[in-house]
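Remarks on the structure that follows.
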Amino acid sequence: MIQLPSKHSATGNTIFAVMSGLAQQYGAINLSQGFPDFQIDEQLSDLLAEATRLGFNQYAPMPGLPMLRAAIAADFKKRYQVDIDPDTEITITPGATYGIYTAFSAILQKGDEAILFEPAYDSYIPNIEMNGAKAIPIALTAPGFAVDWDKVKAAITPKTKALILNTPHNPTGSVWSKSDWEELADVVRDTDIVIISDEVYEQLIFDGVKHYSVLEHPELRSRSFATYSFGKAYNNTGWKMGYCIAPPAYTQAYRRLHQFLSFSVNTPAQYALAKHIASGKASAVRSMMEGKRNYFIELMKETPFTIQTPARGSYFQLATYEAISDMPDTEFAIWLTKEHGVATIPVSAFYHNKKDDKLIRFCFAKKEETLEQAVAKLKLL
């Protein structure tokens, strides 16, 4: 048997595939993987069909349809008061995870180091390692999951070439403040560190909190790749559509790789998204998801789980199960799926060393009846 090279240290299937598979196997309610179970906006569905009728069925230009890039630029001007050149700074991608990998590939070489914050989305470390670099994890400080900037400063070496951050944060729902961005600017100033800003949940932020984007910080913007997800903004994760915004020179480096990876992205979906964004209808997604978070937290008060900090953004809410069991979190999540019919994600899966704080992650981006049915099972614990 020919031995193939191992490109990263992760083993087996991702925890999302494992838990969703168990949910299907045992007929459990799936509050694990981050996807909605309700219909997307009817206008967006109609626009997708319209695109196919109008003939948007062949390859799109490599950077993306001009109409979609223009719509994104206009939307960011409206929401963030930033000017973005749609031709030289925006690239449409087949999902944000792809976008993050491509950004790492544009930055890293063998022997480099890249800093990330844990708990972290599980693609970050494999992406770094697949590019021959070493991942340097820094734990966020619970219960608010804030950045310890002294730890960041101590982790930087001459080999540090990239730092990836995520706000609003998956899995904790924490959000970076304006002062966090100022701290980051101070830390990377006079270095060659490139920033990857994972802002896929930027439109899902609650309690009147403002999302501060890297694009609003001129000094950081000049050294950053910012990654976004249409799937998270418009609840159509199966379309696998995203985009990357970066300065012209960074975009050139990004596209040099992108053209040989996917080259172009689903053309009918690009047309539909361009029209949908331009219509202004997308603005309701924030209030809708905040309502779902509030409803879920209210329901959970009748269960033995404890929610220490309400999520300030994203699809997800953390809860501790210490009043129920002392099982390790992965064992508990599997038991909860098999024996009580609700699938969740153990938070230890977001740490390279499987740090276990007896926390699990629930996805509340579901229909109200789904949340009600799940909590009815959890109340019996």
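Values for this structure:
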| read-out | value |
| --- | --- |
| Qualifying residue in the range 288-303 (condition: within 19 Å of Ala96 (Cβ to Cβ) and surrounded by 15 or more Cβ atoms within 10 Å (Cβ to Cβ)) | yes |
| Where a residue in the range 116-144 is within 22 Å of Leu257 (Cα to Cα) and outside any loop (DSSP other than H, G, I, E, B) and its partner, wherever it lies, is of a type in the set (D, E, K, R) and modelled with pLDDT under 95, with Cβ under 7 Å and at least six apart | Glu129/Lys7; Met130/Lys7 |
| Flag if Gln39 is farther than 23 Å from Tyr121 by Cβ and out of contact with any Leu (no Cβ under 6 Å at 6 or more places or on another chain) | yes |
| Looking only at the range 242-273, and only at residues there that are within 21 Å of the chain's Cα centre (by Cα) and farther than 26 Å from Arg223 by Cβ, the one that is surrounded by the most Cβ atoms within 10 Å (Cβ to Cβ) | Leu273 |
| Residue match in the range 364-374 (condition: outside any helix (DSSP H, G or I), in contact (Cβ under 8 Å) with a residue 40 or more places away in the chain, surrounded by 15 or more Cβ atoms within 10 Å (Cβ to Cβ) and β-branched (Val, Ile, Thr)) | no |
| So Pro171, is it under 13 Å from the mean Cα position of the chain (by Cα) and either surrounded by fewer than 16 Cβ atoms within 10 Å (Cβ to Cβ) or outside any strand (DSSP E or B) (or both) | yes |
| Extreme residue, farthest from the chain's Cα centre (by Cα), among residues of the range 1-42 that are under 23 Å from Ala135 (Cβ atoms) and polar (S, T, N, Q) | Ser6 |
| Members of the range 210-238 found to be crowded, with 16+ Cβ neighbours inside 10 Å, touching a Pro at 6+ places or on another chain (Cβ under 9 Å) and either outside any strand (DSSP E or B) or not assigned by TED's automatic domain parsing to the domain that holds Ile100 (or both), listed by number | His211, Arg221, Arg223, Asn235, Asn236, Thr237 |
| Among the residues listed as Gln39, Gln33, Gln43, the single one being touching a helix residue (DSSP H, G or I) at 6+ places or on another chain (Cβ under 8 Å), closer than 20 Å to Leu371 by Cα and touching a residue at least 40 places away in the same chain (Cβ under 8 Å) | Gln33 |
| Checklist (1) surrounded by 14 or more Cβ atoms within 10 Å (Cβ to Cβ); (2) farther than 30 Å from Leu318 by Cβ; (3) out of contact with any strand residue (DSSP E or B) (no Cβ under 7 Å at 6 or more places or on another chain) applied to Tyr26, failing item | (2) |
| Residue list for the range 341-357, restricted to those being assigned to a helix (DSSP H, G or I) and either free of Cβ contacts under 8 Å to residues at least 24 places away in the same chain or surrounded by fewer than 16 Cβ atoms within 10 Å (Cβ to Cβ) (or both) | Ser348 |
| Residues of the range 38-54 satisfying the condition of being farther than 12 Å from Ala269 by Cα and of a type outside the set (Phe, Trp, Tyr) | Gln39, Ile40, Asp41, Glu42, Gln43, Arg53, Leu54 |
| Which listed residue, of Ala154, Ala73, Ala106, is without any contact (Cβ under 8 Å) to a residue 24 or more places away in the chain, closer than 19 Å to Phe225 by Cβ, part of a helix (DSSP H, G or I) and among the aliphatic types (A, V, I, L, M) | Ala73 |
| Candidate set from the range 222-258 (those that are in contact (Cβ under 8 Å) with a residue 40 or more places away in the chain and among the basic types (Lys, Arg)); member that is farthest from Met62 (Cα to Cα) | Lys232 |
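The values are calculated or read from the model by the stated rules, or taken from the named source; none is laboratory data. Quick caveat: nothing in here was measured; it's all calculated off a predicted structure. Cβ coordinates were reconstructed from backbone atoms using ideal geometry, including for glycine residues, and neighbour counts include every protein chain displayed.
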